[in-house]
Amino acid sequence: MDSITNPYTPNAGARPDAMVGREEQTAAFGVLLQRLEVGRTSQSLIVRGLRGVGKTVPLNELREIAERRSWKVVELEASKFDESVLRRTLATQLKAALLQLSPRAKWSERFEWAGSALTSFSLAVDLQGTWSLGWSVPSTEGVADHGDLALDLTDVFLELGRAAEETGRGIVISVDEVQFLKREQLEGIIQAVYKTVQRKLPITFVGAGIPQIAELAGDAKSYAERLFKFPEISALTDADAAAAFADPARNEGVEWDDNALKYAIAMTRGYPYFIQELGHEVWEVATGDRITLESVHYAIEAYEAKLDSSFFRVRLDRATPLQTAYMRAMAQLGAAPQKAADVAGLMGRESAQVAPTRAELIDMGLLYTPEHGYAAFTVPDFDKFMLRAVPNLEVPPIRKRRSTQR
Ligand SMILES: Nc1ncnc2c1ncn2[C@@H]1O[C@H](COP(=O)(O)OP(=O)(O)OP(=O)(O)O)[C@@H](O)[C@H]1O
Ligand SMILES: [Mg+2]
C-alpha cells in the first residue's frame, strides 16, 4: 500500500494513531491536577515498564493534559547528568515556566521571590562563571544557595509553587528515563516534591523508567512510597493489541482479516513497539483494501530483520565481550529472570568474578533486578535475539582483581 499513508509509528515516543490500553494512567493524572488546583494532595505517577512498551508516549500525553489545563510543563530526559548539568537544565526550564505563568513586567512580589530563588539555585552551577541564567533577577542570600541539591530544590519548588498558586495554575516536572538519574538526584527531587505536597502547592513530578528505577534509601524511600504510585505498564491485552493494529488501518479504509490479526498479535505478543514495527512492514507489502494472513507472513522477515538491525543491535553493539558473554549466558538459561549464581555457573566463573559485569549491565539499563539476586533483560525478547546474534557462548578471560592476587 501507499507508504505515504502508512499509519503505523515505529518511532520512539511517537504518538500512535490508536492509543490504546493506557486510559487508567491518563485519567489518574487528570484527577491529580484537579486535586492540586483545589489545594488537595494526591499521589503522583512514575510509570515503569520494559523498553518499547510505551512509556514515553503516555508521558507526552500527560504533558498535553497539563497544558490543556494551562499548567506549565518542565520536561527532562534524564541521562547520567552531573549535578551542575541537572541544575542548569532545571533552572533554564523553570525560568521559562515562571515567565510563561507571568511575564516579567507583571511580576508580583511572589514571582520576584521565585525568580530570586531560581537565580540563587543557578549560581551553584558553574564556579567559573561561564554560565548564567541570563536574566537580571538578583539572587537572595540564604534561599536555594545551600549547595545541597535537596535543600536548594526544596526552596525553589516552594517559591515557584507559591507563585504558581497565585495564578491558579501549576507546574509539572516530567522526567523520562528516571533510572538514569543518580540516586542523590532522584532523592533530592523527591524530597523537594514532598515538601511542596505538604504545603499543598501546585507542583508535581511525573516520571517514566525501566521497571527498576534507582533504588532509593532512607527518608526518600518512605516519602516516595507515600508520594507516588508506580504503575507498571506491560504489553497490551489481545483486545487492545487488535485495536492497535486494526484502528489505524481502518482510518485509511483498510481492514485486517481475523486470522492475519491473530497471527500479528501472536508474533508481537502485544508489545507496542513491535506492533508498530510489524504494522508498518505489513502495510508496505499489502495491496488492495484488506490485510491478509499472507501479507503478514510475507512481512515477517523484513520485520525481524529491522528489529535485529536496530532495536536489538544498538544494545548489543554497546557491550564489551564480557558483557556480551554475560547476556548470552543469561539468554541460554531462558526468558525468565535469572539468578546471578546460575549465570556465573554457566560461564564457568564464580559469582563474585562476574558481579562487576552484571552491575555494569544494570547501570547501562540493559538489565534490571526484579528481585534480589535475579536479573532480567529490560528489552522484551532480547534473550531470543542474543541466541540468534551470538551463536556460541564464549567467555573471554577475566582479569583477576587485585585484592585476590597473591
Ligand atoms: N498504547 C499504545 N498503543 C499502541 N502503540 C503504542 C502505545 N504506546 C506506545 N506505542 C508505540 O510503541 C512505540 C514505543 O513507544 P514509547 O517510545 O513510548 O516506548 P518506551 O517504553 O518509552 O520505550 P523506551 O523504553 O525504548 O524509551 C512507539 O512506536 C509508539 O508509537
Ligand atoms: Mg521512552
What does the C-alpha gyration tensor say about the overall shape of segment 346-401? Classify as rounded when a/c is under 1.5, otherwise prolate if a/b is larger than b/c, or oblate. oblate
Two-decimal Rg/Rh across segment 12-79, once Rg and the Kirkwood Rh are taken from alpha-carbon atoms: 0.96
How high is the relative contact order of segment 318-389? Use alpha-carbon pairs under 8 Å, at least six apart in sequence, and give a whole percent. 38
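Mind checking which helices in the chain clear 24 Å along their axis (Cα) and have mean Kyte-Doolittle hydropathy of -0.5 or more, DSSP H runs only? All intermediate terms of the calculation are to be shown ahead of the outcome.
Numbers: long enough: 83-101 (26 Å, 0.36); 149-167 (27 Å, 0.40).
Answer set is 83-101, 149-167.
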What's the exposure ranking of ILE171, ILE4, ILE300, going from fewest to most Cβ atoms within 10 Å? ILE4, ILE300, ILE171
Near the amide H of VAL74, under 5 Å away, which other amide H atoms are found, from residues 5 or more places off or on another chain, if H is placed in the peptide plane? VAL172, ILE173, SER174
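Which pairs, out of LYS306/LYS339; LYS72/LYS229; LYS95/LYS182; LYS262/LYS384; LYS221/LYS384, put more than 27 Å between their alpha-carbon atoms?
Beyond 27 Å: LYS306/LYS339; LYS221/LYS384.
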Would you compute, from DSSP H runs of 4+ residues alone, the mean residue ellipticity of the chain at 222 nm, taking -39500 (n - 2.57) per run and dividing by the full residue count, rounded to the nearest 500? -16000 deg cm²/dmol
Using the 10 angstrom Cβ neighbour count as an exposure proxy, how do ILE275, ILE203 rank, fewest first? ILE203, ILE275
Rounded if a/c is under 1.5, else prolate if a/b is larger than b/c, else oblate: which is segment 218-315, with a ≥ b ≥ c the root eigenvalues of its Cα gyration tensor? prolate
For segment 253-406, just say rounded, prolate or oblate: build the C-alpha gyration tensor, square-root its eigenvalues into a ≥ b ≥ c, call rounded for a/c under 1.5, and beyond that prolate if a/b exceeds b/c, oblate if not. prolate
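Tally Lys/Arg at +1 and Asp/Glu at -1 over every other residue whose Cβ is under 15 Å from the Cβ of SER116; what's the total? Provide the component values of the computation, followed by the final result.
Values: positive: LYS95, ARG104, ARG110, ARG162; negative: GLU109, GLU112, GLU141, ASP145, ASP152, ASP155, GLU159.
Here the charged neighbours net out to -3.
With contacts defined as alpha carbon pairs under 8 Å and 6 or more residues apart, what's the relative contact order of segment 225-383 in percent?
Values: 153 pairs, mean separation 25.1, N = 159.
Relative contact order here is 16 percent.
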Note: ALA302 to GLN332 extended length (0.36 nm per residue) minus current alpha-carbon separation gives 8.3 nm
ARG250-LYS182 pseudo-label distance in nm [points 7 Å out on the Cα-to-Cβ vector]: 5.1
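How would you rank LEU387, LEU160, LEU366, going from fewest to most other Cβ atoms within 10 Å of each one's own Cβ?
On the way: LEU387 13, LEU160 30, LEU366 22.
Ascending Cβ contact count within 10 Å gives the list LEU387, LEU366, LEU160.
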Could you order the peptides 255-268, 106-119 from most to least packed, using the average number of other C-beta atoms within 10 Å per residue? 106-119, 255-268
Rank-order 75-88, 42-55 by packing density, defined as the average count of other C-beta atoms within 10 Å over each peptide's residues, highest first. 42-55, 75-88
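Above 36 angstrom, tally the Cα pairs of the chain and express them as a % of all pairs, no decimals.
Working: 30708 of 82215 pairs.
Cα-Cα pairs of the chain separated by over 36 Å account for 37 percent.
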Relative contact order [Cα under 8 Å, 6+ residues apart], the chain, whole percent: 19
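Where a number appears in this text, it was derived from the coordinates with a stated rule and is not lab data. Everything numeric in this text was worked out from a predicted model, so none of it was measured. With ideal geometry, Cβ positions are generated from the backbone for all residues, glycine too; neighbour counts draw on all protein chains shown.
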